[in-house]
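Read the structure below first, then the notes.
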Amino acid sequence: MKKHECALFDLDGVIVDTAKFHFLAWKKIASILNYDLTPIDNEKLKGVSRSDSLDMILKMANKNIETSKFKAYLIQKNLTYLEYIKDINSQDILPGISEALSLLKNKNIKIGLGSASKNAKIILERLGLINYFEVIIDGNKVEKSKPHPQVFLKASSNLGIVPEKCLVFEDSNAGIKSAKAAGMTAVAIGSPEKFSNEDFCYPDFLTLIQNDLDKFF
Ligand code: B16
Ligand code: MG
């Protein structure tokens, strides 16, 4: 197995289960549009930026809205989401993540974040994990949303590691496509049927670190 020098983590759905809160917040906006957003619809929104997500929901609902309303829905969605995550703390870190971060740190592997979320920093702070990350590329730092490779390419160039030596942990199909388009090794976390282009897939992070984390680094 090729050894990697850098680990790039997605946030929502990999480090913490905030995906369920994004879903609930979008469900409220969708219901205003008279659309019942389903978990299957929601899979397509994972890893996608806030405004691209609203565009996709409008297509699903077959609705057109004016720009002012579009902006208002983005604000409303984020306020709902922020309310859901206001008490988030270290107990919400998904199993295996803390162990993996300290293991990687001890091995001198560079650690970065590649998230579409504009709320990434406050979430990492609330989880008490922010100091593990040498580089944080979030939704405020990219113009192009996953599946575009920009988020992971920016992380690797900021860390000074070539893409081929970077390993990405992702829970979304958009994120896996982004990692592969960046020329990186893509590890999918979740059920294999959700993904199309991953290099490896594990049902959850705990299974990955109990069996295989060492072989990648
Ligand atoms: P925000 P990730 C993504 O984060 C989420 O998966 C996606 O559902 C969300 O729309 C996006 O962040 C933007 O989040 O509204 O907080 O800016 O999975 O790339 O860490
Ligand atoms: Mg994610």
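The values are calculated or read from the model by the stated rules, or taken from the named source; none is laboratory data. The model shown is predicted, which means the values in this text are computed figures rather than measured ones. Positions of Cβ are backbone-derived with ideal geometry, glycine not excepted, and every protein chain shown enters the neighbour counts. What goes into the accessible areas is simple: the full protein's heavy atoms, side chains included, and nothing from ligands, DNA or RNA. Shrake-Rupley method; radii C 1.70, N 1.55, O 1.52, S 1.80 Å.
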Exercise. Do we have any residue at all in the stretch 39-46 that's out of contact with any helix residue (DSSP H, G or I) (no Cβ under 7 Å at 6 or more places or on another chain), modelled with pLDDT of 95 or more and acidic (Asp, Glu)?
Worked result: no
For this session: Could you name every one of the helices (runs of 4 or more DSSP H) located completely within the stretch 66-128 that has at least 3 residues being within 11 Å of ligand 1 (Cβ to nearest atom)?
Result: 67-84, 120-127
Seminar exercise, completed: Here the qualifying pairs (Cβ atoms under 7 Å; residues six or more apart or on different chains; first in the stretch 179-198 and farther than 17 Å from LYS3 by Cβ and open to solvent by 10 Å² or more (accessible area, probe 1.4 Å); second part of a strand (DSSP E or B) and of a type in the set (Ser, Thr, Tyr)) come out as ILE189/TYR202
Exercise. So which residues in the stretch 40-73 are under 22 Å from the mean Cα position of the chain (by Cα) and either exposed (fewer than 14 other Cβ atoms within 10 Å of the Cβ) or among the polar types (S, T, N, Q) (or both), if there are any at all?
Worked result: ILE40, ASN42, SER49, SER51, SER53, ASP55
Exercise. Of the conditions (1) more than 17 Å from ASP12 (Cβ to Cβ); (2) part of a helix (DSSP H, G or I), ILE161 fails just one. Which one is it?
Worked result: (2)
Seminar exercise, completed: Taking the stretch 164-203 and keeping residues away from ligand 1 (no atom under 16 Å from the Cβ), assigned to a helix (DSSP H, G or I) and over 23 Å from ASP214 (Cβ atoms) leaves GLU193
